[in-house]
Amino acid sequence: MSTIPDDLSYTKEHEWVAGLDDGLTVTVGITAYAAEALGDVVFVQLPEVGTTVEAGDSIGEVESTKSVSEIYAPVGGEVVEVNQAVVDKPDLVNSEPYGEGWMFRVRLEGDPEDLLSAEEYTALTSGDN
Amino acid sequence: MSRPTPLRDIHESLGATLTDFAGWLMPLRYGSESAEHNAVRERAGLFDLSHMGEIFVTGPQAGQALDHALVGHLSALAVGRARYTMIVNEQGGVLDDLIVYRLGDEEFMVVANASNYPMVAARLTERASGFGASVEDRSDQYALIAVQGPKAQEILATLTDADLEGLKYYAGLPGTVAGAEALIARTGYTGEDGFELFVANADAAPLWHALTKAGEPYGLLPAGLSSRDTLRLEAGMPLYGNELNASLTPFDAGLGRVVKFDKPGDFVGRAALEPVKDVPPRRRLVGLVATGRRVPRHGFPVTKDGVVVGEVTSGAPSQTLGKPIAMAYVDTGIEEGLAVDIRGSQEAVDLVELPFYRRNK
């Protein structure tokens with residue numbers, strides 16, 4: 001089982017959120033658990049820079065050999081950057097889900113809600129497998 | 001609760017992602033399914049196919065019973081050879097696609113899909129009544145391990161004295177592999193050369209280990225159902241439940257050649273199939289290659305100018321082509337300007353004839 005970095009926040013949709021500390025801009029990706037469940041990722045569709053999103057919005061998709069999953073906005077705000085590298089090389093999601101496989105950055109509007117700690121996310125993912 | 005195969009412990013020790021498939025607990029992939037796919041295309045892959053059904057039909061009229069029960073002419077099959085065939089209902093709808101091996105003058109083995117073999121065994125039993133033949137479902141006794149890929153013969157040759165060189169495609173012979181009695185068949189579902197080894201359950205794990213060891217210098221990888229599906233899709237091979245089902249005849253699926261009207265005697269489905277054999281089907285099975293990167297999947301509508309003209313039966317990203325591919329039933333005569341409706345967006349596709357991939361022989 002993959003390790004779950006304890007300095008990130010998580011969602012029930014198996015996304016991670018980094019950089020909440022300064023309350024300005026956060027980075028979002030999908031977890032190693034999600035990447036393993038998907039299998040080899042072959043296509044990533046990300047939102048446009050400048051899009052305003054609300055937490056829970058479906059704003060992209062991750063497609064693997066066997067399935068497709070939606071990407072949700074874990075927080076509300078404006079998409080200020082997307083990772084073109086992961087669009088060009090979708091397998092980064094499998095090889096470096098918490099690093100080069102990041103997906104997009106959002107400038108926060110308001111306070112994030114309903115995010116999980118690493119401990120809570122660990123409990124979530126050890127319970128359903 | 002899914003049924004395990006005799007190789008379940010091995011799959012778990014290899015870290016396989018296991019999945020339920022037709023009531024069986026099967027390896028979906030061991031590591032990267034793309035790597036497994038490429039291993040089979042370039043070197044070799046090892047598959048556990050123990051979920052398949054093995055039904056034996058034996059007796060002096062076993063061939064005639066199969067001629068009556070199936071659409072093929074099995075009594076004409078030579079001992080040691082195999083044939084791809086189908087079982088249909090009275091309406092001509094496909095109940096399953098099968099490979100039939102003739103093991104002896106009076107002995108045939110019918111290999112049926114995991115999801116269908118209890119039904120196939122029941123139908124064969126019904127249809128064989130009145131013939132000097134008995135039908136026995138021995139699926140619970142047999143494991144099936146496949147070695148597929150251009151290096152398959154070299155790997156297998158290190159474990160058997162059987163004449164692999166002389167074993168033709170769609171032939172099978174009894175032999176000893178790594179000390180285990182096996183039916184060695186040159187068949188597969190990957191589009192590559194390869195072998196399928198039918199062995200007793202108890203021999204499955206030792207055979208798997210022996211093949212793994214023998215295959216190591218050749219770069220053999222264990223391969224799961226995910227790569228099996230993309231391999232067969234590239235090879236344009238139908239999957240029951242996707243390209244084939246009981247509402248389609250073999251002619252609808254473009255596989256009318258398996259129906260042998262000139263064999264002696266009547267067979268189940270003849271009356272329904274004879275009138276449709278020369279009628280062009282409303283839709284035909286074709287290949288689609290996406291121009292973008294989103295993947296057409298089973299059940300997605302095929303459209304032209306926004307109008308539905310077909311339906312995708314199987315789709316996946318193709319390792320070999322580097323693009324998403326799909327099989328689909330598309331209205332006969334429509335070949336240009338097609339798209340697949342992928343979650344509301346019309347993604348352009350090119351229609352191609354099947355298969356997508358054919359190995360160099």
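The values are calculated or read from the model by the stated rules, or taken from the named source; none is laboratory data. Values in this document were obtained by computation on a predicted structure and should not be read as measured data. No Cβ is skipped: glycine too gets one built from the backbone with ideal geometry, and neighbour counts run over all protein chains shown. We work out accessible area using only protein heavy atoms, side chains counted, and drop any ligands, DNA or RNA first. Shrake-Rupley method; radii C 1.70, N 1.55, O 1.52, S 1.80 Å.
Have a look at B:Val309, B:Val352, B:Val279 and point out the one that is of a type in the set (A, V, I, L, M), without any contact (Cβ under 8 Å) to a residue 40 or more places away in the chain, over 30 Å from B:Ala128 (Cα atoms) and open to solvent by 40 Å² or more (accessible area, probe 1.4 Å). Even if it seems obvious, please write down each step before you answer.
Working: B:Val309 fails: open to solvent by 40 Å² or more (accessible area, probe 1.4 Å); B:Val352 fails: without any contact (Cβ under 8 Å) to a residue 40 or more places away in the chain.
One residue alone meets the criteria, B:Val279.
Restricting to the range B:149-181, name every residue that is more than 21 Å from B:Thr212 (Cα to Cα), open to solvent by less than 50 Å² (accessible area, probe 1.4 Å) and not small (Gly, Ala, Ser).
Residues satisfying the conditions are B:Leu167, B:Tyr170, B:Leu173.
Got a number for residues in the range A:55-85 being more than 11 Å from the chain's Cα centre (by Cα), among the small types (Gly, Ala, Ser) and part of a strand (DSSP E or B)?
4
Could you grab me the full set of residues in the range B:48-71 that are within 19 Å of the chain's Cα centre (by Cα) and under 18 Å from B:Gly172 (Cα atoms)? Reasoning before the result, please.
We begin by selecting, within the range B:48-71, every residue within 19 Å of the chain's Cα centre (by Cα); these are B:48-56, B:70-71.
Once the filter is applied, which keeps residues that are within 19 Å of the chain's Cα centre (by Cα) and under 18 Å from B:Gly172 (Cα atoms), the range B:48-71 yields B:Leu49, B:Ser50, B:Met52, B:Gly53, B:Glu54, B:Ile55, B:Phe56.
Answer with yes or no whether B:Glu106 is among the acidic types (Asp, Glu), surrounded by fewer than 24 Cβ atoms within 10 Å (Cβ to Cβ) and either within 30 Å of B:Asp262 (Cβ to Cβ) or within 14 Å of chain A (Cβ to nearest Cβ) (or both).
Numbers: among the acidic types (Asp, Glu): yes; surrounded by fewer than 24 Cβ atoms within 10 Å (Cβ to Cβ): yes; either within 30 Å of B:Asp262 (Cβ to Cβ) or within 14 Å of chain A (Cβ to nearest Cβ) (or both): yes.
Spelling it out, B:Glu106 is indeed among the acidic types (Asp, Glu), surrounded by fewer than 24 Cβ atoms within 10 Å (Cβ to Cβ) and either within 30 Å of B:Asp262 (Cβ to Cβ) or within 14 Å of chain A (Cβ to nearest Cβ) (or both).
Every residue, every condition in (1) touching a helix residue (DSSP H, G or I) at 6+ places or on another chain (Cβ under 9 Å); (2) more than 14 Å from every other protein chain (Cβ to nearest Cβ); (3) on the phi < 0 side of the Ramachandran plot, yes or no:
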| residue | (1), (2), (3) |
| --- | --- |
| A:Gly23 | no, yes, no |
| A:Glu54 | no, yes, yes |
| A:Glu81 | no, yes, yes |
| A:Gly101 | yes, yes, yes |
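For the range B:239-275, name all the residues that are of a type in the set (Gly, Ala, Ser), touching a strand residue (DSSP E or B) at 6+ places or on another chain (Cβ under 7 Å) and either more than 18 Å from B:Asp331 (Cβ to Cβ) or open to solvent by less than 40 Å² (accessible area, probe 1.4 Å) (or both).
The first filter runs over the range B:239-275 and keeps only residues of a type in the set (Gly, Ala, Ser), leaving B:241, B:246-247, B:253-254, B:256, B:265, B:269, B:271-272.
Next, only the ones that are touching a strand residue (DSSP E or B) at 6+ places or on another chain (Cβ under 7 Å) stay: B:246, B:253-254, B:269.
Passing the criteria: B:Ala246, B:Ala253, B:Gly269.
Out of curiosity, is B:His11 open to solvent by less than 10 Å² (accessible area, probe 1.4 Å), outside any strand (DSSP E or B), within 14 Å of chain A (Cβ to nearest Cβ) and in contact (Cβ under 8 Å) with a residue 12 or more places away in the chain? Quick ask: steps written out before the conclusion?
Details: open to solvent by less than 10 Å² (accessible area, probe 1.4 Å): yes; outside any strand (DSSP E or B): yes; within 14 Å of chain A (Cβ to nearest Cβ): no; in contact (Cβ under 8 Å) with a residue 12 or more places away in the chain: yes.
No, not satisfied.
Starting from residues that are touching a residue at least 12 places away in the same chain (Cβ under 8 Å) and open to solvent by 40 Å² or more (accessible area, probe 1.4 Å), keep the ones in the range B:312-333 and report whichever is farthest from the other protein chains (Cβ to nearest Cβ).
By that ranking, first place goes to B:Thr332.
Scan the range A:25-46 for residues that are over 24 Å from B:Gly322 (Cα atoms) and either in a loop (DSSP other than H, G, I, E, B) or within 14 Å of chain B (Cβ to nearest Cβ) (or both) and jot them down.
Within the range A:25-46, A:Thr31, A:Ala32, A:Tyr33 meet the criteria.
May I ask you to verify whether A:Val62 is open to solvent by less than 30 Å² (accessible area, probe 1.4 Å) and under 21 Å from B:Ser34 (Cβ atoms)? Before you say what the answer is, go through the steps one by one.
Details: open to solvent by less than 30 Å² (accessible area, probe 1.4 Å): yes; under 21 Å from B:Ser34 (Cβ atoms): yes.
Considered against the rule, which asks whether it is open to solvent by less than 30 Å² (accessible area, probe 1.4 Å) and under 21 Å from B:Ser34 (Cβ atoms), A:Val62 comes out as yes.
Here are B:Asp350, B:Asp341: which of them is over 20 Å from the mean Cα position of the chain (by Cα), farther than 27 Å from B:Thr190 by Cα and either part of a strand (DSSP E or B) or within 14 Å of chain A (Cβ to nearest Cβ) (or both)? If you could, list the steps in order and put the result at the bottom.
Numbers: B:Asp350 fails: farther than 27 Å from B:Thr190 by Cα.
Result: B:Asp341 is the single residue among B:Asp350, B:Asp341 that is over 20 Å from the mean Cα position of the chain (by Cα), farther than 27 Å from B:Thr190 by Cα and either part of a strand (DSSP E or B) or within 14 Å of chain A (Cβ to nearest Cβ) (or both).
Mind listing just one residue for me: the one in the range B:282-294 that is modelled with pLDDT of 95 or more and open to solvent by less than 50 Å² (accessible area, probe 1.4 Å) and, of those, farthest from the chain's Cα centre (by Cα)?
Out of the qualifying residues, it is B:Ala290.
Among (1) away from every other protein chain (no Cβ under 14 Å); (2) among the hydroxyl-bearing types (Ser, Thr, Tyr); (3) under 21 Å from the mean Cα position of the chain (by Cα); (4) surrounded by 16 or more Cβ atoms within 10 Å (Cβ to Cβ), which single condition is B:Ser227 missing?
(1)
Let me confirm something: among B:Ala39, B:Ala35, which residue is closer than 24 Å to B:Leu197 by Cα, open to solvent by 10 Å² or more (accessible area, probe 1.4 Å) and among the aliphatic types (A, V, I, L, M)?
Working: B:Ala39 fails: open to solvent by 10 Å² or more (accessible area, probe 1.4 Å).
That would be B:Ala35, the only listed residue that is closer than 24 Å to B:Leu197 by Cα, open to solvent by 10 Å² or more (accessible area, probe 1.4 Å) and among the aliphatic types (A, V, I, L, M).
Which residue out of B:Gln153, B:Gln148, B:Gln91, B:Gln141 is more than 19 Å from the chain's Cα centre (by Cα) and closer than 22 Å to B:Glu192 by Cβ? Write out each step before concluding.
Details: B:Gln148 fails: more than 19 Å from the chain's Cα centre (by Cα); B:Gln91 fails: closer than 22 Å to B:Glu192 by Cβ; B:Gln141 fails: closer than 22 Å to B:Glu192 by Cβ.
B:Gln153 is the lone residue from the list that is more than 19 Å from the chain's Cα centre (by Cα) and closer than 22 Å to B:Glu192 by Cβ.
Search the range B:300-311 for residues being in a loop (DSSP other than H, G, I, E, B) and more than 18 Å from A:Glu63 (Cβ to Cβ), and hand back the single one that is nearest to the other protein chains (Cβ to nearest Cβ). Explain how you work it out, then say what you get.
As a first pass, look at the range B:300-311 and keep what is in a loop (DSSP other than H, G, I, E, B): B:300, B:305-306.
From the residues that got through so far, the ones that are more than 18 Å from A:Glu63 (Cβ to Cβ) too are B:305-306.
Working: B:Asp305: 25, B:Gly306: 22 Å.
Among those residues, the one meeting the criterion is B:Gly306.
Here are B:Glu243, B:Glu234, B:Glu216: which of them is touching a residue at least 12 places away in the same chain (Cβ under 8 Å), among the acidic types (Asp, Glu) and more than 14 Å from chain A (Cβ to nearest Cβ)? Steps first, please.
Numbers: B:Glu234 fails: more than 14 Å from chain A (Cβ to nearest Cβ); B:Glu216 fails: touching a residue at least 12 places away in the same chain (Cβ under 8 Å).
After ruling out the rest, the residue left standing is B:Glu243.
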